[in-house]
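Below is one structure, written out as structure tokens, with a few remarks after it.
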Amino acid sequence: GAVVSQHPSWVICKSGTSVKIECRSLDFQATTMFWYRQFPKQSLMLMATSNEGSKATYEQGVEKDKFLINHASLTLSTLTVTSAHPEDSSFYICSARDQDRGGETQYFGPGTRLLVL
Amino acid sequence: SQQGEEDPQALSIQEGENATMNCSYKTSINNLQWYRQNSGRGLVHLILIRSNEREKHSGRLRVTLDTSKKSSSLLITASRAADTASYFCATDASGNTPLVFGKGTRLSVIA
């Protein structure tokens, strides 16, 4: 099956710094990728839809200037948490659909755990 | 954008027993999917059931879908300690939109 990777798998940073998370589709091209956030003992909440070659679409309540998304190629989307604060500590998960295989299945990356001190 | 509700929120059973988790949703769907997540780990896709299907099996898993009631259930038979995890339902509205996840059920299987 299709594989989605994320890097890094975990990151610890100081408050005020920016952190970039990469999401790659390894064996398929993804015109659309999705970014989710999961706080401890909670479910996944959609943050934004990343569109290759155009601006991302953000869910209500998600600050687009804080969570910068760049989808520069058909296999790579990046999420940058700018000026991170402790409340941004969370598990960030990306996913993508393989439209060439029908697009029915959404493949998820293994997640990136962010801890902001 | 979360629209699914699962119940129970937490379930604790003995090894060998069956575990049933329910999911309700609010809008029309193209399909509904179930995922498992071990603590602190990524998602594992378990099963997908389309809107025109009523029941689906995969190994020890049995999923039902009632679109008239906008609900689904996941049954795990003969549970094992390794089944201990959180289980989420996720709805797919159209095949191009992102999955919307329910709140999840935390299952504990006691050996």
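Key figures
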item: Surface/4 estimate of mean projected area, convex hull on alpha-carbon atoms of segment B:46-111, nm²; result: 5.0 nm²
item: Span from the segment B:3-41 Cα centroid across to the segment A:91-117 one, whole angstrom; result: 19 Å
item: Karplus (6.51, -1.76, 1.60) ³J(HN,Hα), θ = phi - 60°, over segment A:38-46, in Hz, Gly and Pro reported as x; result: 9, 8, x, 6, 10, 8, 7, 10, 5
item: For chain A, built as a Gaussian network whose Cα springs stay under 10 Å, the top-fluctuating residue of A:Gln99, A:Gln29, A:Gln42; result: A:Gln42
item: Cross-link table A:Lys20/A:Lys64; A:Lys20/A:Lys41; A:Lys64/B:Lys69, entries beyond 26 Å C-alpha to C-alpha; result: A:Lys64/B:Lys69
item: ³J(HN,Hα), Karplus 6.51/-1.76/1.60, whole Hz, each residue of segment A:70-83, x for Gly, Pro; result: 10, 10, 7, 9, 6, 10, 9, 10, 10, 10, 10, 8, 8, 6
item: Under 5 Å, built H, 5+ apart or other chain: amide partners of B:Gly104; result: B:Glu6, B:Cys89
item: Cα-Cα P(r), the protein assembly as shown, percent of pairs per 10 Å interval; result: 8, 33, 35, 20, 5, 0
item: Total charge dipole magnitude, chain B, about the Cα centre, Cβ charges on Lys, Arg, Asp, Glu only, Debye to nearest 20; result: 160 debye
item: Values of log10 I(q)/I(0), in the order q = 0.22, 0.24 Å⁻¹, for chain B under a Debye, Cα-only, solvent-free model; result: -1.20, -1.40
item: Dipole of chain A, positive direction: furthest Cα of A:Gly53, A:Leu79, A:Leu117, with charges on the beta-carbon; result: A:Leu117
item: Inter-chain Cβ neighbour average for residues B:19-32, partner chain, 10 Å; result: 0
item: About the Cα centre, charge dipole magnitude for chain A (Lys/Arg +1, Asp/Glu -1 at Cβ), debye; result: 280 debye
item: Probe 1.4 Å, all protein chains present, accessible-area order of A:Lys66, A:Lys14, A:Lys55, largest first; result: A:Lys55, A:Lys14, A:Lys66
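The values are calculated or read from the model by the stated rules, or taken from the named source; none is laboratory data. This structure is a prediction, so every number in the text was calculated from the model and none was measured. Ideal geometry is used to build each Cβ from the backbone, glycine not excepted, and the neighbour counts take in all protein chains shown. With ligands, DNA and RNA removed, areas are computed over all heavy atoms of the protein, side chains included. Shrake-Rupley method; radii C 1.70, N 1.55, O 1.52, S 1.80 Å.
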